[in-house]
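*Asks:* One structure, pasted below without further comment.
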Amino acid sequence: MSDRYIDFANSSLGHRLVAAIGLPSPVRLERWQAGRLRPVEGALLLGGGALAGNVQAFAHKLTDAIYTYGAQTSTWIPGHGPKLKAVVFDASDLQHTDQLKQLREFFQPLLKNLDNSAHLVILGRAPESLSDPFAASAQRALEGFSRSLAKELRNGGVLQLLYVGDGAEDQLEGALRFFLSPKSAYISGQVIRLEACATPVEDWTRPLAGRKALVTGAARGIGASIAETLARDGAEVILLDVPQAKADLEALAARLGARTVALDICAADAASQLVEHLPDGLDILVHNAGITRDKTLANMTPEYWDAVLAVNLNAPQVLTKALLDSGTLHDNARVVLLASISGIAGNRGQTNYAASKAGLIGLAQAWAPLLQERGISINAVAPGFIETQMTAHIPFALREAGRRMSSLGQGGLPQDVAEAVAWLAQPGSGAVSGQALRVCGQSLLGA
Ligand SMILES: NC(=O)c1ccc[n+]([C@@H]2O[C@H](COP(=O)([O-])OP(=O)(O)OC[C@H]3O[C@@H](n4cnc5c(N)ncnc54)[C@H](O)[C@@H]3O)[C@@H](O)[C@H]2O)c1
């Protein structure tokens with residue numbers, strides 16, 4: 001469903017009217033287009049501590065316009081340098097309260113010189129990994145700073161904080177290729193922890209080449225977009241949906257050259273059927289199929305409760321376990337669970353749905369350490385308001401509130417969720433496990 005308000009606010013008449021009466025003015029976000037090669041098309045400003053040196057080593061692969069404050073070559077001077085498309089500041093060396101002023105000193109001069117849809121990243125060290133309480137406190141301060149600055153950015157700007165674990169420095173390239181590019185257009189204010197990971201990406205133009213991926217609920221909406229994005233990135237995709245969705249599933253499969261599995265994931269024999277359908281095993285498993293049956297708890301029928309818990313939570317648990325136990329899921333596999341910000345913040349009328357989605361986040365957290373030995377990562381992606389058939393059914397006033405109550409002031413697109421899933425599916429993204437990545441435009445819900 002299209003967002004008519006955003007179309008209006010970006011028309012020449014609408015733009016003036018919206019500004020005159022002080023209404024929110026969301027911009028059209030820049031998104032990744034087919035055929036694009038470089039993550040950053042424009043100027044990248046680098047600064048801060050030692051990790052900025054690690055970034056410098058591969059920065060030329062991100063863009064050919066790299067700047068630093070005050071260095072002899074490529075000095076960026078506020079008001080005189082080009083508008084900035086991307087910024088990386090390494091704050092991992094900040095160990096005392098006094099040093100936190102470096103954040104203000106670095107960011108303040110550049111804030112009025114950001115290009116549209118600019119991507120900012122702060123690097124730090126996870127507070128729980130530090131033994132010095134003052135250093136841990138300084139690193140934790142980065143979280144409050146970055147989440148707040150993300151809320152102050154305009155014109156589609158987004159900002160994330162990456163806590164880089166010891167030995168995870170070589171995973172920065174994959175993370176920055178994602179977080180500095182339009183692939184993360186609808187992600188902001190997030191805190192992500194990177195750990196060491198041995199599996200590298202061989203070819204950044206097809207990072208999923210040679211990998212077999214299963215996407216459930218792939219006939220439409222977010223699932224279809226995930227399938228398209230994984231195929232774009234080189235994966236061999238297998239599309240699963242209920243038998244009633246067979247026509248849509250096969251139409252998409254024909255376009256992608258993919259295989260299909262028509263199966264209700266709640267069927268009694270779903271696990272054994274799935275294992276049979278995957279004789280060559282699986283490298284990427286995306287549990288996207290999900291349903292809503294909204295009612296306040298006072299009016300919730302047992303059927304509504306059971307259906308949502310069965311599809312959204314029980315089926316991913318049972319199927320993942322069967323694929324693990326049967327050896328279908330290969331070592332170094334990537335598992336992604338589609339959760340929701342409802343599972344983080346709670347939502348009126350969604351006790352069943354929010355319980356199921358919170359359960360998925362718990363599943364990722366609990367399973368991650370157990371699967372680490374085999375190099376398998378498992379993460380949840382928690383979308384906010386995404387424009388799909390599911391959200392088109394929400395009553396108008398609630399739908400408008402869902403769209404506007406975020407730092408970016410608009411709903412996301414299925415592509416935004418798909419890009420996050422595709423990033424987590426990369427070999428190098430084993431650096432991230434047991435985490436929940438929100439794709440919500442920094443929704444105010446549960447922030
Ligand atoms: N749209 C949003 O704003 C939003 C927000 C947060 C989370 N999500 C989650 O993202 C996922 C995709 O959402 P969407 O908006 O694309 O939904 P959608 O309703 O458009 O698509 C869901 C797909 O899952 C399939 N499916 C449902 N039950 C199934 C079953 N038992 N077996 C196999 N397939 C089944 C459906 O046939 C459908 O093709 C869901 O898990 C949803 O909860 C969506």
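*Asks:* Is one or more of the residues making up region 339-349 surrounded by fewer than 15 Cβ atoms within 10 Å (Cβ to Cβ), of a type in the set (K, R) and outside the structural domain of Q190 (by TED's automatic domain parsing)?
*Replies:* yes
*Asks:* When you look at L444, is it within 12 Å of the ligand (Cβ to nearest atom) and open to solvent by 30 Å² or more (accessible area, probe 1.4 Å), yes or no?
*Replies:* When the stated conditions are applied, L444 does not pass them.
*Asks:* Related question: Sort through R147, R140 and tell me the only one that's assigned by TED's automatic domain parsing to the domain that holds G53 and free of Cβ contacts under 8 Å to residues at least 24 places away in the same chain. First the steps, then the outcome.
*Replies:* Details: R147 fails: free of Cβ contacts under 8 Å to residues at least 24 places away in the same chain.
Step by step, each of R147, R140 is checked, and only R140 is assigned by TED's automatic domain parsing to the domain that holds G53 and free of Cβ contacts under 8 Å to residues at least 24 places away in the same chain.
*Asks:* Considering only residues that are outside any loop (DSSP other than H, G, I, E, B) and either more than 12 Å from the ligand (Cβ to nearest atom) or open to solvent by 40 Å² or more (accessible area, probe 1.4 Å) (or both), which ones fall in region 419-435?
*Replies:* If the condition is that a residue be outside any loop (DSSP other than H, G, I, E, B) and either more than 12 Å from the ligand (Cβ to nearest atom) or open to solvent by 40 Å² or more (accessible area, probe 1.4 Å) (or both), then E419, A422, W423, L424, P427, G428, S429, G430, A431 are the ones that fit.
*Asks:* Let me ask you something else. Counting just the residues of region 379-418 that are within 12 Å of the ligand (Cβ to nearest atom) and among the acidic types (D, E), which one comes out least open to solvent (accessible area, probe 1.4 Å)?
*Replies:* D416
*Asks:* Answer with yes or no whether F134 is aromatic (F, W, Y), open to solvent by 40 Å² or more (accessible area, probe 1.4 Å), out of contact with any Phe, Trp or Tyr (no Cβ under 9 Å at 6 or more places or on another chain) and touching a residue at least 12 places away in the same chain (Cβ under 8 Å).
*Replies:* Criteria met by F134.
*Asks:* Right, next: Does A258 qualify as being under 20 Å from A209 (Cα atoms) and open to solvent by less than 40 Å² (accessible area, probe 1.4 Å)?
*Replies:* So A258 fits the description; yes.
*Asks:* Also: Are any residues in region 266-292 among the β-branched types (V, I, T), closer than 26 Å to A358 by Cβ and open to solvent by 20 Å² or more (accessible area, probe 1.4 Å), and if so, which ones?
*Replies:* The answer is I291, T292.
*Asks:* Of a type in the set (G, A, S), within 15 Å of the ligand (Cβ to nearest atom) and assigned to a loop (DSSP other than H, G, I, E, B): is that true of G327 in this structure?
*Replies:* no
*Asks:* OK, next. Return a yes/no flag: does region 114-124 have any residue that is open to solvent by 10 Å² or more (accessible area, probe 1.4 Å) and farther than 27 Å from L408 by Cα.
*Replies:* Checked against the condition, which is being open to solvent by 10 Å² or more (accessible area, probe 1.4 Å) and farther than 27 Å from L408 by Cα, region 114-124 yields no hits at all.
*Asks:* Take region 338-354 and flag every residue that is near the ligand (Cβ under 8 Å from one of its atoms) and more than 22 Å from G189 (Cα to Cα). Even if it seems obvious, please write down each step before you answer.
*Replies:* Filtering region 338-354 down to residues near the ligand (Cβ under 8 Å from one of its atoms) leaves 338-342, 353.
Residue satisfying the conditions is Y353 alone.
*Asks:* With respect to the numbered conditions (1) assigned to a helix (DSSP H, G or I); (2) at pLDDT below 95, which one is the sole condition not fulfilled by G362?
*Replies:* (2)
*Asks:* Against the conditions (1) under 19 Å from I378 (Cα atoms); (2) under 28 Å from the mean Cα position of the chain (by Cα); (3) open to solvent by 30 Å² or more (accessible area, probe 1.4 Å); (4) not aromatic (F, W, Y), where does S326 fall short? Just the number, please.
*Replies:* For S326, the exception is condition (2).
*Asks:* Right, another one. Return the residues of region 61-87 that are over 13 Å from L114 (Cα atoms) and not in a loop (DSSP other than H, G, I, E, B); say none if nothing qualifies. Steps first, answer last, please.
*Replies:* Of all residues in region 61-87, those over 13 Å from L114 (Cα atoms) come to 61-75.
Once the filter is applied, which keeps residues that are over 13 Å from L114 (Cα atoms) and not in a loop (DSSP other than H, G, I, E, B), region 61-87 yields I66, Y67, T68, T75.
*Asks:* Restricting the search to region 267-311, which residues are within 12 Å of the ligand (Cβ to nearest atom) and assigned to a loop (DSSP other than H, G, I, E, B)?
*Replies:* Within region 267-311, A267, N288, A289, G290, I291, T292, R293, D294 meet the criteria.
The values are calculated or read from the model by the stated rules, or taken from the named source; none is laboratory data. Note that this is a predicted model, so its numbers are computed, not measured. Using ideal geometry, Cβ is built from the backbone for each residue, glycine included, and neighbour counts are taken over all protein chains shown. These accessible areas exclude ligands, DNA and RNA; they are computed on the full protein's heavy atoms, side chains included. Shrake-Rupley method; radii C 1.70, N 1.55, O 1.52, S 1.80 Å.
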